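The values are calculated or read from the model by the stated rules, or taken from the named source; none is laboratory data. A quick note: this is a predicted structure, and the numbers were derived from the prediction, not measured. We place every Cβ from the backbone using ideal geometry, glycine too, and count neighbours over all the protein chains shown.
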């Protein structure tokens, strides 16, 4: 299980190569990349920040839960921090298993859940201003005011 | 739209790199690889054969339908033919779009549909014999005896 | 009429990769399938499941064959990898 | 008690990255949130949505704070990429 926060360019091919084993028949990869616009506003770059130790802990927990819940053989989850330009990978998720169905399901669940519970924040710098990324609400059990 | 049948090793990274554009925020990749066993029988290699012109036509048709049905920006679909060893990629599918949901859906639909309608055949060579891959039934409209 | 017939997948356990039918007496895909069902009755189950491509296009039982056509007999496909389960 | 408070995401438009609360008079996460709600009433909507981590673990309103704790105030997260739609 490869879980990482990094300030370097993510080596997608290396991550996927390291994940694969002989018993795998399927690998599904999600590559989240910096888009050149948000709702038509032209993006220059993104800045990602995180509460790093907790983010790593949560990422590991999600990967363990994915393996258990979907029965996949192994997963890799790498998130970039710092400054990113258009076209760069901000998050890479790879899921390997003997059969393909669960690799799709686990990969999708990982990115959907990461975007709700892992304390990583995106600031989008446009040519004409900047804005914090809008988050999806936390699951109710994480909302402190409740 | 990159659609290809090839006897060479599939350059997954090159295919994905060529697919990406500035407006993409998500790429989902499915990498189908030669497993070291099938139901416990140890695999030596696979041989893939195809009715090539029709297979290419069907692959193109599937890619066009995926773009239209899911509204994704672009897709790539490459299938290997000939002799493959354990760990090699037999099929690579990559789907790029601004948002991630449709890239997962289109990618999954492409591999599921390819395995029902594209005339490509797998012969599995085990250490103790050989066997043609079991196919899923054709959609009824393609069954000639009907 | 003369037909070139291509065999794929499990059909290659019984037939070669391709064969030339020099004097096929019928005129449709349905008749060609009846012909092979008679030639290889031991493969009975297969004939109910195959698709047929005539000159690289999927055909139906009613498709009319012409002299010189290439006809591919296609068992259920098994391309890709990573079986669903 | 003394607390180190970290601010993330949209809270950084109003607060700096971190601040030291030298003499916080309360004792729970709920009281800390009440304190900041009073400091920054213009951010009212935010305080209802945030999660709080104490010493790098998610906490609840009832979590008891201790002298020297690090408390992170976390608006809804926005990591990843490729928004669902």
The range A:24-44: number of residues that are touching a strand residue (DSSP E or B) at 6+ places or on another chain (Cβ under 7 Å) and outside any strand (DSSP E or B):
5
Can you name the residue in the range C:64-85 that is surrounded by fewer than 14 Cβ atoms within 10 Å (Cβ to Cβ) and farther than 30 Å from residue A:101 by Cα and is also nearest to the other protein chains (Cβ to nearest Cβ) among such residues?
C:64
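Filter the range A:31-42 down to the residues that are at the interface with another protein chain (Cβ under 9 Å from one of its Cβ atoms) and more than 16 Å from residue A:91 (Cβ to Cβ) and list them by number. Please lay out each step first, then the result.
We begin by selecting, within the range A:31-42, every residue at the interface with another protein chain (Cβ under 9 Å from one of its Cβ atoms); these are A:31-38.
Hits for the range A:31-42 are A:36, A:37, A:38.
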Do you know which of the residues in the range C:5-17 that are over 14 Å from residue C:35 (Cα atoms) and in a strand (DSSP E or B) is farthest from the other protein chains (Cβ to nearest Cβ)?
C:7
Residue check, residue B:141 against (1) within 20 Å of residue A:108 (Cβ to Cβ); (2) more than 7 Å from every other protein chain (Cβ to nearest Cβ); (3) free of Cβ contacts under 8 Å to residues at least 24 places away in the same chain, all met but one. Which one?
(1)
Every listed condition ((1) out of contact with any strand residue (DSSP E or B) (no Cβ under 7 Å at 6 or more places or on another chain); (2) facing another protein chain (nearest Cβ under 9 Å)) holds for residue D:51 save (1)
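Within the group A:46, A:54, A:84, which residue is farther than 26 Å from residue A:139 by Cβ, in contact (Cβ under 8 Å) with a residue 24 or more places away in the chain, within 11 Å of chain D (Cβ to nearest Cβ) and out of contact with any helix residue (DSSP H, G or I) (no Cβ under 7 Å at 6 or more places or on another chain)? Quick ask: steps written out before the conclusion?
Values: A:46 fails: farther than 26 Å from residue A:139 by Cβ; A:54 fails: farther than 26 Å from residue A:139 by Cβ.
Within the list A:46, A:54, A:84, the selection yields A:84.
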With the condition kept exactly as written, say whether any residue in the range B:37-45 is modelled with pLDDT under 95 and surrounded by 17 or more Cβ atoms within 10 Å (Cβ to Cβ).
yes
Within the range D:20-59, can you find the residues that are under 11 Å from the mean Cα position of the chain (by Cα), over 23 Å from residue A:133 (Cα atoms) and not in a helix (DSSP H, G or I)?
D:54, D:59
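Those residues that are outside any strand (DSSP E or B) and under 16 Å from the mean Cα position of the chain (by Cα), I need them from the range A:119-133; list them, please. Even if it seems obvious, please write down each step before you answer.
Here is the first cut: in the range A:119-133, the residues outside any strand (DSSP E or B) are A:119, A:127-128, A:133.
The answer is A:119, A:133.
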Scanning the range B:58-67 for residues that are buried (at least 18 other Cβ atoms within 10 Å of the Cβ) and within 11 Å of another protein chain (Cβ to nearest Cβ), which turns out farthest from the chain's Cα centre (by Cα)?
B:58
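Among what's in the range A:17-30 and is more than 7 Å from every other protein chain (Cβ to nearest Cβ) and touching a residue at least 60 places away in the same chain (Cβ under 8 Å), pick the residue that is farthest from residue A:91 (Cα to Cα). It would help to see each step written out before you state the result.
Let us first name the residues in the range A:17-30 that are more than 7 Å from every other protein chain (Cβ to nearest Cβ), namely A:17-19, A:21.
From the residues that got through so far, the ones that are touching a residue at least 60 places away in the same chain (Cβ under 8 Å) too are A:19, A:21.
Numbers: A:19: 16, A:21: 22 Å.
Checking each candidate, the answer is A:21.
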How about the range A:87-118: which of its residues are part of a loop (DSSP other than H, G, I, E, B), crowded, with 24+ Cβ neighbours inside 10 Å and either more than 7 Å from every other protein chain (Cβ to nearest Cβ) or in contact with a strand residue (DSSP E or B) (Cβ under 7 Å, 6 or more places away or on another chain) (or both)?
none
Go through the range B:1-23 residue by residue and tally those that are surrounded by 16 or more Cβ atoms within 10 Å (Cβ to Cβ) and assigned to a strand (DSSP E or B).
2
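Name the residue, out of D:44, D:61, that is more than 29 Å from residue A:56 (Cα to Cα), surrounded by fewer than 19 Cβ atoms within 10 Å (Cβ to Cβ) and either within 14 Å of another protein chain (Cβ to nearest Cβ) or in contact with a strand residue (DSSP E or B) (Cβ under 6 Å, 6 or more places away or on another chain) (or both).
Numbers: D:61 fails: more than 29 Å from residue A:56 (Cα to Cα).
Matching residue, one of D:44, D:61: D:44.
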